Amino acid sequence: MGKIEVRGNAARTVDYDRMKVEINFHSVEISPTAASEKSMKECEEALASSRQFLDSLLTDDEYCEMSKKSAKAQKELVSENNQFLIVRDKDWEHIYGMIEKDSGSFGRFYSIMRTDMSNRDLNYMGVVLLINDDFWNYTVELAAGLENDD
């Protein structure tokens, strides 16, 4: 369990179950504080871009068709398409519960499962996006901020 702390206009602390962030300080010309702020900004931009990509998958014909199906069919599709992400049984129960209670939540799980997460770092991010609701909601704000900057 860990935390990512964000300061400034979007101040918050985001908890996550699993995530790996590697930060290397190669320059002595920049202070550790400035370097960490720069790294945090780069992480946020990468997350925002990743979230925009995931959202773009929700225009697929398959998603449009599956979003009209029953919660049972949606849960089966999510389970069958999980090739890369290892999560606990209680996380699957949470995912299935969300699909049953909120028809809009299927898009979240569909887009993550449709993405190749075989890369170790993408896999870490995929698991966090899959199981951590607060972190998922945080990426919504990041992606919206990236769109506003364009």
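The values are calculated or read from the model by the stated rules, or taken from the named source; none is laboratory data. The model shown is predicted, which means the values in this text are computed figures rather than measured ones. Virtual Cβ from ideal backbone geometry, glycine too; neighbours counted across all protein chains shown.
Exactly one of these conditions fails for W92: (1) assigned to a helix (DSSP H, G or I); (2) under 21 Å from Q52 (Cα atoms); (3) not acidic (D, E). Give me its number.
Every listed condition holds for W92 apart from (2).
Residue by residue through the stretch 88-108, note down the ones that are touching a Leu at 6+ places or on another chain (Cβ under 9 Å) and under 14 Å from N132 (Cα atoms).
D91, I95, R108
What's the number of the condition E76 fails, among (1) without any contact (Cβ under 8 Å) to a residue 24 or more places away in the chain; (2) not in a helix (DSSP H, G or I)?
Answer for E76: the failing condition is (2).
Determine whether the stretch 95-103 contains at least one residue that is surrounded by 15 or more Cβ atoms within 10 Å (Cβ to Cβ) and within 12 Å of the chain's Cα centre (by Cα).
Within the stretch 95-103 (the criterion being surrounded by 15 or more Cβ atoms within 10 Å (Cβ to Cβ) and within 12 Å of the chain's Cα centre (by Cα)), the answer is no, since none of the residues qualifies.
Under 6 Å by Cβ, and 6 or more places apart or on different chains, what pairs join a residue from the stretch 129-150 that is in a helix (DSSP H, G or I) with one that is buried (at least 18 other Cβ atoms within 10 Å of the Cβ) and of a type in the set (S, T, Y)?
F135/Y16
If I go through the stretch 74-87 residue by residue, how many of them are at pLDDT 95 or above and loosely packed, with under 12 Cβ neighbours inside 10 Å?
Residues in the stretch 74-87 being at pLDDT 95 or above and loosely packed, with under 12 Cβ neighbours inside 10 Å: 0 in total.
Taking the stretch 112-121 as the region of interest, how many residues are in a helix (DSSP H, G or I) and either loosely packed, with under 15 Cβ neighbours inside 10 Å or touching a Phe, Trp or Tyr at 6+ places or on another chain (Cβ under 8 Å) (or both)?
Of the residues in the stretch 112-121, 2 are in a helix (DSSP H, G or I) and either loosely packed, with under 15 Cβ neighbours inside 10 Å or touching a Phe, Trp or Tyr at 6+ places or on another chain (Cβ under 8 Å) (or both).
Yes/no per residue for (1) surrounded by fewer than 15 Cβ atoms within 10 Å (Cβ to Cβ); (2) in contact with a helix residue (DSSP H, G or I) (Cβ under 6 Å, 6 or more places away or on another chain); (3) part of a helix (DSSP H, G or I); (4) at pLDDT below 90:
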residue: F25; (1), (2), (3), (4): yes, yes, no, yes
residue: E29; (1), (2), (3), (4): yes, no, no, yes
residue: E37; (1), (2), (3), (4): yes, no, yes, yes
residue: M40; (1), (2), (3), (4): no, no, yes, yes
residue: L54; (1), (2), (3), (4): no, yes, yes, no
residue: L57; (1), (2), (3), (4): no, yes, yes, no
residue: E62; (1), (2), (3), (4): yes, no, yes, no
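Is it the case that some residue within the stretch 78-90 is of a type in the set (V, I, T) and under 23 Å from G145 (Cα atoms)?
Scanning the stretch 78-90 turns up no residue that is of a type in the set (V, I, T) and under 23 Å from G145 (Cα atoms).
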